[in-house]
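To keep things clear, I will list the structure first and then write my remarks on it.
The values are calculated or read from the model by the stated rules, or taken from the named source; none is laboratory data. Everything numeric in this text was worked out from a predicted model, so none of it was measured. Every residue, glycine as well, gets a Cβ built from its backbone with ideal geometry; the counts of neighbours run over all protein chains shown.
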Amino acid sequence: MVQAKVLHQGRQIENLDLSYAGQTNVFAARFNVPVVAKDYEVLDVVVTASQSDAPNYGVHRRTFKLTPG
C-alpha cells in the first residue's frame, strides 16, 4: 500500500492512495495545489509505503516552496 499526505503550511489538505504507474517503484496520484497568498508558502508531501506480507515500510518527505502565480 502506498499513500501520501499533502500538507499546506503544516495543515493536511489531502490524503491520497497512490496507484502503480507502470514502472517499478513509481506510483501516482493527482491533487489540486491550493491558492497561494504569499511568497514561499510551504507544501509538504509525505509518502508512506508498506507491504502487508513482509516487514517492508518506508517514508519519504518532499517539501516544495510555492509562490503566487
- Item | the stretch 1-13 residues that are among the aliphatic types (A, V, I, L, M), paired with ones that are loosely packed, with under 11 Cβ neighbours inside 10 Å and at pLDDT below 95 (beta carbon under 8 Å, 6 or more apart) | Met1/Ser52
- Given (1) without any contact (Cβ under 8 Å) to a residue 24 or more places away in the chain; (2) within 11 Å of the chain's Cα centre (by Cα), Pro55 misses just (2)
- Task: State yes or no: is Leu43 in a strand (DSSP E or B) and at pLDDT 95 or above?
- Result: no
- Enumeration of residues in the stretch 1-20 that are modelled with pLDDT under 95 and part of a loop (DSSP other than H, G, I, E, B): Met1, Gln9, Gly10
